[in-house]
1. For His318, what residues show an amide H to amide H distance below 5 Å, using hydrogens built from the backbone and excluding near sequence neighbours?
2. Could you give the length gained on full extension between Ala129 and Asp93, defined as 0.36 nm per residue of separation minus the Cα-Cα distance, in nm?
3. If neighbour count is taken as other Cβ atoms inside 10 Å, put Ser283, Ser221, Ser33, Ser68 in order from fewest to most.
4. Based on the Kirkwood radius over alpha-carbon pairs, what value in µm²/s does the Stokes-Einstein equation return for the translational diffusion coefficient of the chain at 10 °C and 1.306 mPa s?
5. Taking a ≥ b ≥ c as the square roots of the Cα gyration tensor eigenvalues, with a/c under 1.5 meaning rounded and otherwise prolate when a/b beats b/c, else oblate, which class fits the stretch 141-205?
6. For labels at Asp237 and Leu306 in the simple 7 Å Cα→Cβ model, what's the distance in nm?
7. Under 4 °C and 1.567 mPa s, how fast does the stretch 141-276 diffuse according to Stokes-Einstein, given a Kirkwood radius computed over C-alpha pairs? Answer in µm²/s, whole number.
8. Looking only at Glu311, Glu220, Glu119, which one moves most when the chain is put into a Gaussian network model with springs between Cα atoms under 10 Å?
Amino acid sequence: MCAAEPSPNNKYESLSLQAAAVNALFNYPPFFSFASKQARSMMVKRGDSIGVSWQARIDSLASHDWQSELAAIRDGELQLPEYYQVPFHAYKDGNLSWQAAWEVDSAAQTVHSPIFDAEGKVMDPRGDARLRSSYNDVMVPQLKRPVKDVLDMGCATGLSTLALRRAFPDANITGVDLSPFFLAVGAYDQRVQRAEGTHASSAPVRLLHAAAEDTGLEAESVDLVSMCLVCHELPRDATKRIMEEAMRVLRPGGAIAIMEMDPNSAFVDKLRNNLFAFTALKSTEPYLDDYMTFPIVDALKSKGLLLEGPERVTSPRHRTLVAYKP
């Protein structure tokens with residue numbers, strides 16, 4: 001029997017006066033610009049405080065020949081959906097810029113540094129690595145069939161893809177993303193890491209410039225589809241189309257695993273009640289309100305995917321769901 005998803009709190013179903021004020025501020029361009037800059041500045045300062053140097057990372061990458069990297073991985077025929085061509089994460093050009101691509105690793109380490117502390121005050125530089133390992137620990141035991149082929153939807157520079165490589169060292173792993181900038185940096189990082197011996201014992205992952213809604217992969221060619229921290233960055237219609245694509249490419253008995261922010265967590269409750277913090281987050285996450293009210297379990301079921309267990313806690317702020325293709 002499929003597990004029922006908890007009904008979203010009413011505060012997410014109808015905008016309160018506070019949320020309405022937040023949205024008004026968010027839609028006011030001067031405030032949007034101010035909030036975005038403030039959010040990014042706070043992240044950079046936090047990173048510096050835990051030994052994550054954003055500037056050192058940029059300096060190490062800036063002199064590389066990125067145009068050749070871009071040409072090698074970019075699909076010039078790919079049409080980017082409108083939802084992707086908006087500001088994300090305090091970057092005016094969203095994910096379609098070198099700055100955003102160069103800073104992904106630093107941002108992930110910084111943003112996820114406090115997530116395993118209940119109060120969000122103790123910073124752990126390995127918080128991001130712990131989160132991805134926790135996802136694997138929760139997801140892998142629920143899989144029904146041997147995993148030979150893995151598809152990582154919305155892989156960015158491949159942080160989530162390389163984490164899947166560690167969980168499935170002998171599998172063929174493909175990461176798909178709409179940003180050729182992210183993929184170019186990810187491909188370069190892989191080569192550097194392998195040259196340094198960091199991943200010498202494992203085969204490289206394949207990075208593919210494509211839409212997760214239409215990967216171009218063969219039908220029934222994958223045992224596991226993973227969406228790690230992707231759904232909150234999408235309008236729900238895009239997520240539904242990705243679920244349809246997952247259903248198409250999965251072999252019978254294959255699974256789709258989703259690790260995401262938990263709208264019902266105490267962290268989200270606290271954040272939603274903090275006008276300044278929520279505004280800062282909204283200035284970097286344009287589809288956050290849509291995600292908060294999106295019944296993911298119902299969407300999976302509507303696409304013919306079956307959940308046989310409840311969502312599992314991945315961190316105090318995140319949940320993992322696993323659904324199967326019959």
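1. Result for His318 returns Asp262.
2. 10.3 nm
3. Ser68, Ser33, Ser221, Ser283
4. The calculation lands on 78 µm²/s.
5. Oblate, since a/c reaches 1.5 and b/c is not below a/b.
6. Taking the simple label geometry, Asp237 and Leu306 are separated by 3.1 nm.
7. Using the Kirkwood radius from Cα pairs, D works out to 82 µm²/s.
8. The residue that fluctuates most here is Glu119.
Since every read-out is calculated from the coordinates, none of them should be taken as a lab result. Here the structure is a predicted model, which is why all the values come from computation and not from measurement. Note that each Cβ is placed from the backbone with ideal geometry, even for glycine, and that neighbours are counted across all protein chains shown.
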